[in-house]
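**Q** Structure in structure tokens, see below.
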Amino acid sequence: MDDGTKPTDAETEDRQEQRREPIFNLAGVVTALIGICIAIHLVRAFMLTQQEDLLVVVRFAFLPLRYTGGYPLDVYALVSPFTYAFLHGGVAHLAVNMIWLAAFGSPLANRVGTVRFLLLWGATALAAVFLHFLLHPYDAAPLVGASGAVSGMMGAAARFAFRIDRSAGKPGFSGPVLPLSLVLRSRMTVVFLAVWFAVNLIVGLGSGTGGAPRIAWEAHIGGFLVGFFAIGLFDRRAVG
């Protein structure tokens with residue numbers, strides 16, 4: 001029931017700030033990564049011919065057969081374990097990854113800083129293709145997408161039990177990196193881990209049939225495990 005009281009200008013401004021927070025409070029490095037991924041996809045979709053786009057995929061996507069098929073190891077063999085994360089298979093693939101990157105990457109970047117975040121991004125992206133390669137060393141299908149790196153962000157978030165501090169104006173994961181014993185005592189975190197692995201296994205193993213694209217669940221798990229177990233190496237100790 002409306003009591004007829006009008007909000008003050010300060011209260012109205014506070015409410016506007018709260019509504020703006022999810023969009024405008026992203027960490028700068030996360031905004032940059034999202035922008036790069038979107039720009040690359042737009043260029044591929046609207047500026048390149050089909051043949052040119054195929055050449056981009058062949059050069060910059062991760063292809064396990066490049067390393068086991070007797071091909072010369074050129075510069076693309078060195079960079080594709082990282083550049084594949086900036087290519088996406090379609091608008092839906094891109095949108096899902098960017099949404100999860102914003103949700104988990106931004107508080108993590110605010111916690112660890114830009115340089116450490118980029119190092120973690122590279123480590124999780126590399127771990128994703130490494131596990132994929134171990135299980136599919138002769139696969140000729142290109143692996144693309146930031147899913148492995150984003151999964152690493154999710155794994156790192158679980159080590160903070162998803163605790164976020166917003167007092168500084170920039171939401172960031174708070175508290176120390178929790179030991180595994182405490183992580184496993186958090187019901188919310190355990191449920192998240194169980195659901196995350198179950199969904200990835202069920203969806204991943206069931207994909208690739210009837211002409212549908214195959215989901216690289218192995219890459220997701222590879223990135224997640226490194227984010228979960230190695231976040232302590234990339235964390236920075238709070239000052240004060």
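The values are calculated or read from the model by the stated rules, or taken from the named source; none is laboratory data. Just so we're clear, the structure is a prediction, and the values are computed from it rather than from any experiment. Positions of Cβ are generated from backbone atoms using ideal geometry, with glycine treated the same way; all protein chains shown enter the neighbour counts. The accessibility values were calculated without ligands, DNA or RNA, using every heavy atom of the protein model including side chains. Shrake-Rupley method; radii C 1.70, N 1.55, O 1.52, S 1.80 Å.
**Q** Run the numbers for L42 and L205: contour at 0.36 nm per residue of separation, minus the present Cα-Cα distance, in nm.
**A** Values: separation 163, 0.36 × 163 = 58.68 nm, distance 3.00 nm.
Taking 0.36 nm per residue and subtracting the Cα distance, the gain is 55.7 nm.
**Q** Still on this structure: Provide, in order from the shortest bin, the percent of all Cα-Cα pairs of the stretch 37-122 in each 10 Å bin, continuing until the bin that contains the maximum pair distance.
**A** 15, 38, 33, 13, 1
**Q** Using a 1.4 angstrom probe with every protein chain in place, what is the largest-first accessible-area order of D165, D139? Walk me through the intermediate numbers first.
**A** Working: D165 70, D139 30 Å².
The residues order as D165, D139, largest area first.
**Q** Between Y71 and V191, how many nm apart are label points set 7 Å from Cα along the C-beta direction?
**A** 4.5 nm
**Q** Projected onto the charge dipole of the chain (+1 at Lys/Arg Cβ, -1 at Asp/Glu Cβ, origin at the Cα centre), which of V226, V112, F46 gives the Cα projection farthest towards the positive end?
**A** Going by the Cα projections, it comes out as V226.
**Q** Quick one: dipole size for the chain, taken about the Cα centre, charges +1 on Lys/Arg Cβ and -1 on Asp/Glu Cβ, in debye to the nearest 20. The partial results should precede the final answer.
**A** Working: 18 positive and 15 negative charges, 128 e Å.
That gives the chain a dipole magnitude of about 620 debye.
**Q** Considering the options G175, P137, A161, tell which one lies farthest towards the positive end of the dipole of the stretch 112-240, charges being +1 on Lys and Arg and -1 on Asp and Glu at the Cβ, about the Cα centre.
**A** G175
**Q** Would you kindly calculate the mean projected area, averaged across all directions, of the convex hull enclosing the Cα atoms of the chain, in square nanometres?
**A** On the way: hull surface 73.6 nm².
Taking a quarter of the hull surface, the average projection is 18.4 nm².
**Q** Oh, and also: Taking the 0 to 90 degree range and rounding to the nearest ten, how far is the long axis of helix 91-100 tilted relative to the main principal axis of the chain, both from C-alpha atoms?
**A** 50 degrees
**Q** Counting heavy atoms of the protein chains only and a 1.4 Å probe, report the per residue accessible area for the stretch 100-168 as a whole number of Å². Kindly include the intermediate steps, with their values, before the conclusion.
**A** On the way: 2570 Å² over 69 residues.
Per residue, the stretch 100-168 has 37 Å² of solvent-accessible surface.
**Q** Please give the peptides 117-127, 69-79 ranked by average Cβ packing (other Cβ atoms within 10 Å per residue), highest first, as a rough proxy for protection.
**A** Put in order of decreasing packing, that is 117-127, 69-79.
**Q** Moving to a separate point now. Tell me the angle of helix 28-46 to the major Cα principal axis of the chain, expressed in degrees between 0 and 90 and rounded to the nearest ten.
**A** 40 degrees
**Q** With the full set of protein chains in place, find how many percent of the accessible area of the chain is carbon and sulfur; take the probe as 1.4 Å. Let's see the in-between values first.
**A** On the way: 9100 of 13640 Å².
Within the chain, the accessible surface is 67 percent carbon and sulfur.
**Q** Using only Cα atoms, tell me the angle between helix 187-206 and the longest principal axis of the chain; keep it within 0 to 90° and round to the nearest 10.
**A** 30 degrees
**Q** For F46, F86, F130, write out the residues from largest to smallest accessible area, computed with a 1.4 angstrom probe and no ligands counted. Can you show the working numbers first?
**A** Numbers: F46 165, F86 45, F130 125 Å².
Sorted by accessible area, descending: F46, F130, F86.
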